[in-house]
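Chemist: Let me give you the structure first, and then I'll get to my questions.
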Amino acid sequence: MKVAGYDISYINFGNFRLDGGAMFGSVPKNLWCKLIKVDEENCIPLATRCLVLEGFGKKILVDCGNGTKWDEKRKKIFNIQAKEPNQLGLDPDSVTDLLLTHLHFDHCGGISNSNGGRVYKNAKIWVQKDNLDNAKSPTIREKASYLEENYKVIESGDHFLIEGDKEIFPNIKVHVINGHTKGQQWIEISDNNDTLLYPSDLMPTSRHLQIPYHMGYDMCVDTLLKEKKDFLDYAVNKNALIVFQHDPDVESGRIKKTGEDRFGLE
Ligand SMILES: [Zn+2]
């Protein structure tokens, strides 16, 4: 697929699972269980679908999954089936830039190997400054999601700390949001012809299309709901293609408005 001068492909670094109740916040199970398969431990399967963008002399990877450096205990809890980039046809040395939406482990765990070294040795790492600061001193609630072995490699090599909304590469813009976690960013790849949006945890799966269907992990719900409504209106307006990072089977789709604050997928 080509959008705004970039050859774009999706790469799922491997599925994992999280508690279904936590993934749908205050939505009752008798509603969300109709949308997705739930296992005997009440967990739902989730992908770690990342973007590879090639164009303008760059090969940009957006997020990099859970990574493979997990102990058996945590591997089992989260049923982590992460693969190495090489196993998925991506040479890590060929990546020029690694753009991270935020530093929760399921988005950036692939950044480092078990020796604490960088996996993408030649890549410049891009993340919001606010999010790195947040990762370094998380609240008790987020401590389990921001792991030192991930964020500490960022400053050990080439990196750029983004401050605010910015076009960081030709036709690639980042938009800061703070409801899910402080300093998250969603990604827009667009020109006058077409737009692709990567909402990351603002809308993790296609099952989270309706505004109240958000995660229990979200730090500031009121902020998130407003940001999500703004995002959905923006997506409808641009007739943008949305890529769902965590959806186990729906990779992407375009959104239409079906009523007051109601949305459907095409
Ligand atoms: Zn997250």
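Chemist: If I stretch the segment between LYS2 and ARG141 completely, what's the gain in nm (0.36 nm per residue apart, minus their alpha carbon distance), one decimal?
Modeler: Contour length minus Cα-Cα distance gives 46.1 nm.
Chemist: Now for a separate question. Please list, in order, the residues from the stretch 87-103 whose amide nitrogen is less than 14 Å from a point placed 7 Å along the Cα→Cβ vector of ASN122.
Modeler: 90-98
Chemist: Rounded to the nearest 0.05, what FRET efficiency do ASP230 and PHE160 have when you use their Cβ-Cβ distance and R0 = 30 Å?
Modeler: It comes to 0.70.
Chemist: Going highest first, how would you order 220-228, 92-100, 203-211 by mean Cβ packing within 10 Å?
Modeler: Sorting 220-228, 92-100, 203-211 by mean packing, highest first, produces 203-211, 92-100, 220-228.
Chemist: Take every Cα-Cα distance within the chain, group them into 5 Å bins from 0 onward, and report for each bin the whole-number percent of pairs it holds.
Modeler: With 5 Å bins starting at 0, P(r) equals 1, 6, 14, 18, 21, 18, 13, 7, 2, 0, 0.
Chemist: Loop-only check: which GluC sites (Glu not before Pro) in the stretch 36-144 are DSSP coil with at most 12 other Cβ within 10 angstrom?
Modeler: Filter output for the stretch 36-144: GLU40, GLU41.
Chemist: Please work out how much length the chain gains when fully extended from ASN192 to VAL221, using 0.36 nm per residue of separation minus the C-alpha to C-alpha distance, in nm with one decimal.
Modeler: Residue separation times 0.36 nm, minus the Cα-Cα distance, leaves 7.1 nm.
Chemist: Now, a different point. With a/c under 1.5 counting as rounded, go ahead and sort the stretch 74-215 into rounded, prolate or oblate using the C-alpha gyration tensor (a ≥ b ≥ c being the square roots of the eigenvalues; past the cut-off, prolate if a/b is larger than b/c, else oblate). Show your work: numbers first, answer last.
Modeler: Details: a/c = 1.31, a/b = 1.10, b/c = 1.19.
Rounded, because the longest to shortest axis ratio a/c is under 1.5.
Chemist: Another one. Please identify every one of the chymotrypsin sites (Phe, Trp or Tyr not before Pro) in the stretch 169-266 that sits in a loop by DSSP and has no more than 13 other beta carbons within 10 Å of its own beta carbon.
Modeler: none
Chemist: How far is it, in nm, from the label point at LYS238 to the one at ASN113 when both lie 7 Å from their Cα along the line to the Cβ?
Modeler: Result: 3.6 nm between the two label points.
Rule-based calculations on the coordinates, nothing more; no lab input. Bear in mind the structure is a predicted one, so any value in this text is a computation, not a measurement. Heads up, the Cβs are rebuilt from the backbone with ideal geometry, glycines too, and the neighbour counts pull from every protein chain shown.
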